[in-house]
Amino acid sequence: MDTMKWEDGRLLLLDQTRLPGCAEYICCEDHGTVAEAIKRLSVRGAPAIGAAAAYGLVLGAMKLDCRDHGEFIAGVEKVAGFLSGTRPTAVNLNWALERMLDSIRSAAPARPEDLIDIMLREAEVIYREDLEGNRKMGEHGLELIPEGARILTHCNAGSLATAGYGTALGVIRAAHEAGRRVSVYADETRPLLQGARLTCWEMVQEGIPVTLITDNMAGYLMFRGMVDLVVVGSDRIASNGDVANKIGTYGVAVLAREHGVPFYVAAPFSTIDIRLGSGLEIPIEERNPDEVTHIGGVRMAPEGVGVWNPAFDVTPAGLVSAIITERGILRAPYEKAIRAMY
Ligand code: MRU
């Protein structure tokens, strides 16, 4: 199923909070509905958030009542500021919004309706490039995935987290399509179970063998020699190769190092934030305590308990065996490799 669709001047977002039980689209006619969907994680995953925000900006622009180019740009910048505040960690969000703003800032003076057309075309290009980039990432990643590989992944970096095909799951898909008999272990990924709900759903649909484990089983799985490699996605990569991804990724990387298992990250180049010297500068979102005290709306912990709920963590570059991008594979020293590929 498509993660998102633009139809008749509206954005349809597959509501990922309801998967796998129910596959329904949310209809967004204004940027406020898109912002709510991003905050609620109805649309989630760094590249998907970026693409949804780009279309959200078009919706916001369509509602502006402006006469000239300058007034229009000021209005769109305000909407972009609003969308940008929805989730802080995934750099793809601001990357996409900036790219959208650039498309109209660099346009010749034009009527608002023509500028909206330019924005819509740019949003479509962002979407399409993401899809194409993921397929290329899959091709590059093939050299790292041996026949019969048993692959552990964390969270969901699949079709649902992108414009399609996926980053980490895209690499797995490419190996499967190339005829390598790969199998997947999916960490359930507490607190919101993106691994259990979304990664397993995608793998089952694709016919790729998948085994679900709870997050605390990964260490024993590696100890028993049952994992050949790890591949995960990312929300932001600093210029030194430090990687922010779903909370729990760091623990998986430490376990992988201890057991001699390669730890790969698959992400588009837009996830690299060249402005940041290290992962310490990456803003980490903290979410509602209810996500930890409750599972599926049912309270699991007593009232009054203190909760810490960071949504992401940072894996130091030293634990990352390679970063797979649509432009090729990056290896340490990352600072140099990233600059060379820029
Ligand atoms: O909170 P989420 O579900 O948006 O977190 C998603 C992840 O951490 C993904 O691994 C990451 O965004 C990469 S998606 C290609």
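Would you please give the FRET efficiency between Ala108 and Glu291, computed as 1/(1 + (r/R0)^6) with r the Cβ-Cβ distance and R0 = 51 Å, to the nearest 0.05? Walk me through the numbers on the way to the answer.
On the way: r = 47 Å, r/R0 = 0.92.
Approximately 0.60, to the nearest 0.05.
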Q) Cα-based Rg of the range 4-135 per 2.2 N^0.38 Å, rounded to two decimals? A) 1.01
Q: Compute the acute angle (0 to 90°) between the alpha-carbon long axis of helix 91-105 and the principal axis of greatest extent of the alpha-carbon atoms of the chain; round to the nearest 10°.
A: 20
Q. Counting DSSP beta bridges in the chain, what percent are antiparallel, to the nearest 5?
A. 55
Q. What does the accessible area of Glu281 come to, in Å² to the nearest 10, when a probe of 1.4 Å is used?
A. 100
Q.
Using amide H atoms built in the peptide plane, which far-off residues or other-chain residues are under 5 Å from Val184 H to H?
A. Ile151, Val210, Thr211
**Q.** Around Ile118: net Lys/Arg minus Asp/Glu count, Cβ-Cβ under 14 Å
**A.** -2
**Q.** DSSP beta bridge pairing in the range 263-342, given as percent antiparallel to the nearest 5
**A.** 65
Q: Round to the nearest 0.05 the FRET efficiency obtained for Glu335 and Ala23 when R0 = 35 Å and r is the Cβ-Cβ distance.
A: 0.25
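Would you please put 64-74, 218-228 in order of how densely packed they are, using the mean number of other Cβ atoms within 10 angstrom per residue and starting with the highest? Spell out each step's value before the answer.
Details: 64-74: 13.7, 218-228: 15.7.
So the order, starting with the most tightly packed, is 218-228, 64-74.
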Q: Let me have the relative contact order for the range 136-341, percent, based on Cα pairs under 8 Å that are six or more residues apart.
A: 22
Q: May I ask you to evaluate 6.51 cos²θ - 1.76 cosθ + 1.60, the Karplus curve with θ = phi - 60°, for each residue of the range 325-342 and list the ³J(HN,Hα) values in order in whole Hz, giving x for glycine and proline?
A: 10, 6, 8, x, 9, 9, 10, 4, x, 5, 3, 5, 5, 5, 4, 5, 8, 5
Q: Please work out the C-alpha center-to-center distance from the range 124-151 to the range 279-320 and express it in whole Å.
A: 29
Q: Provide the descending list of Cα extents for the range 136-341 along its principal axes, expressed in whole angstroms.
A: 51, 40, 34
Q. If you look at just the Cα atoms of the range 225-334, how large are its Rg and its Dmax in Å?
A. 15.9, 49
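Given a 1.4 Å probe, how much area per residue of the range 136-341 is accessible, in Å²? Could the numbers behind the result be given before it?
Values: 8310 Å² over 206 residues.
Result: 40 Å² per residue.
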Q: Under 16 Å Cα to Cα from Lys63, which lysines show up? Leave out anything in the same chain fewer than 8 places away.
A: Lys78
Q. Between His294 and residues 5 or more places away or on another chain, which pairs have amide H atoms under 5 Å apart, with H built 1.01 Å from N, and which residues are they?
A. Met300
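The values are calculated or read from the model by the stated rules, or taken from the named source; none is laboratory data. These numbers were taken from a predicted model, which means no experiment stands behind them. Methodologically, a virtual Cβ is constructed for each residue, glycine included, from the backbone with ideal geometry; neighbour enumeration extends over all protein chains shown. Ligands, DNA and RNA are stripped out before the accessible areas are found, and what is left, the full protein with its side chains, is counted by its heavy atoms. Shrake-Rupley method; radii C 1.70, N 1.55, O 1.52, S 1.80 Å.
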